[in-house]
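Here it is, the structure in full.
The values are calculated or read from the model by the stated rules, or taken from the named source; none is laboratory data. Predicted model, so just to flag it, every value in this text is computed and none were measured. Neighbour counts run over all protein chains shown; Cβ positions are idealised from the backbone, glycine included. Heavy atoms of the whole protein, side chains included, go into the accessibility calculation; ligands, DNA and RNA do not. Shrake-Rupley method; radii C 1.70, N 1.55, O 1.52, S 1.80 Å.
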Amino acid sequence: MQRRGRYGLAGDLACDVLGGILYAAALQTFARGAAFAPGGVSGLALLLHHLFGLPIGLTAAALNLPLFALSYRLIGRRFLLRTARSMVSCTFFLDVVFARLPAYTGDPFLAALYAGVLLGLALAVLYARGSSSGGIDLIVLSVKAVRPHVSTGTVMLAVDAVVILLGWPVFGQVDAVLYGLAATAVTSLTLDRILYGMGAGRLIFIITGQGVRAAAGIAAACGRGATILQATGAFTGKPRTVLLCACARSEAYRVRAAVYAEDPAAFVMITETSEVFGEGFSAPP
């Protein structure tokens, strides 16, 4: 157990370092040089840096302190300790390493895209180890703890929108808002793709009168199994078979074709799944 714990800690520290590098590169190299602020506490720290010359990392850490105090009882000690460790790494790379490196001064739109991708990668690395960069994550998790029915996306959008809009008067140009929105959108897309896209697939619901034959056709076409459920049509009152089949995106067409080859009257619904665990897919975490 001790050995496993050491390996777990080493993995956490490695992810903290990697996340800190990506996080600092996004803010110091691209966002600061292109004069825009992404959403969240890091964006607010970037605005204060532009106005008063304050170090971005230490400013973000200082802004997080009251959030830590407010969310301690709601979120829990373990998560906050992990987040604090990740914040130390982010602060170090922001203020000590990347603050001394030249910033990108090319196309601001490209800077927004790269900042968004790097921020998304940084957050994905930290989230994967049960940590975060602080800031808006603490706000969202605290609000969800008190009001579970509130949409996480709504809370994040509200906080991000306020910070991004502040970029207009601070940087003196409306383009700062547009670049901030672009960077935040790319961050969300990258984060979702990394955390959920790797294990994403398709879930296919098939309502047919030829369940056994359709399942055999699916197995022959792409090697996927199916779960057979017995059902009754509400309108006709006739017995029907429902097949559930999880597959990769690239296999969805073959599954559909195999079903219709056995039953042209089958009713097929194809939905997207964020993650699939089990035999033939990702191993359970």
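Given the structure, is LEU203 assigned to a strand (DSSP E or B), open to solvent by 20 Å² or more (accessible area, probe 1.4 Å), in contact (Cβ under 8 Å) with a residue 24 or more places away in the chain and under 17 Å from GLU275 (Cβ atoms)?
Here the answer is yes, as LEU203 does meet what is asked.
Would you confirm whether any residue within region 27-41 is of a type in the set (Ser, Thr, Tyr), part of a helix (DSSP H, G or I) and buried (at least 22 other Cβ atoms within 10 Å of the Cβ)?
Looking for residues that are of a type in the set (Ser, Thr, Tyr), part of a helix (DSSP H, G or I) and buried (at least 22 other Cβ atoms within 10 Å of the Cβ), one finds none in region 27-41, hence no.
Looking only at residues in region 206-217 that are open to solvent by 10 Å² or more (accessible area, probe 1.4 Å) and touching an Asp or Glu at 6+ places or on another chain (Cβ under 6 Å), which one is farthest from GLU251 (Cα to Cα)?
For region 206-217, the residue satisfying everything is GLN210.
Select from region 218-248 the residues that are out of contact with any Leu (no Cβ under 8 Å at 6 or more places or on another chain), in a helix (DSSP H, G or I), surrounded by 13 or more Cβ atoms within 10 Å (Cβ to Cβ) and touching a residue at least 12 places away in the same chain (Cβ under 8 Å) and list them in ascending order.
ALA221, CYS222 - these are the residues of region 218-248 that are out of contact with any Leu (no Cβ under 8 Å at 6 or more places or on another chain), in a helix (DSSP H, G or I), surrounded by 13 or more Cβ atoms within 10 Å (Cβ to Cβ) and touching a residue at least 12 places away in the same chain (Cβ under 8 Å).
Given the criterion more than 19 Å from ALA183 (Cα to Cα), in contact with an Asp or Glu (Cβ under 6 Å, 6 or more places away or on another chain) and open to solvent by 20 Å² or more (accessible area, probe 1.4 Å), identify the matching residue among ARG73, ARG129, ARG82, ARG77.
ARG129
Another question, if that's okay. Any residue in region 89-98 that is among the aliphatic types (A, V, I, L, M) and over 24 Å from ALA182 (Cβ atoms)?
Taking every residue of region 89-98 in turn, at least one turns out to be among the aliphatic types (A, V, I, L, M) and over 24 Å from ALA182 (Cβ atoms).
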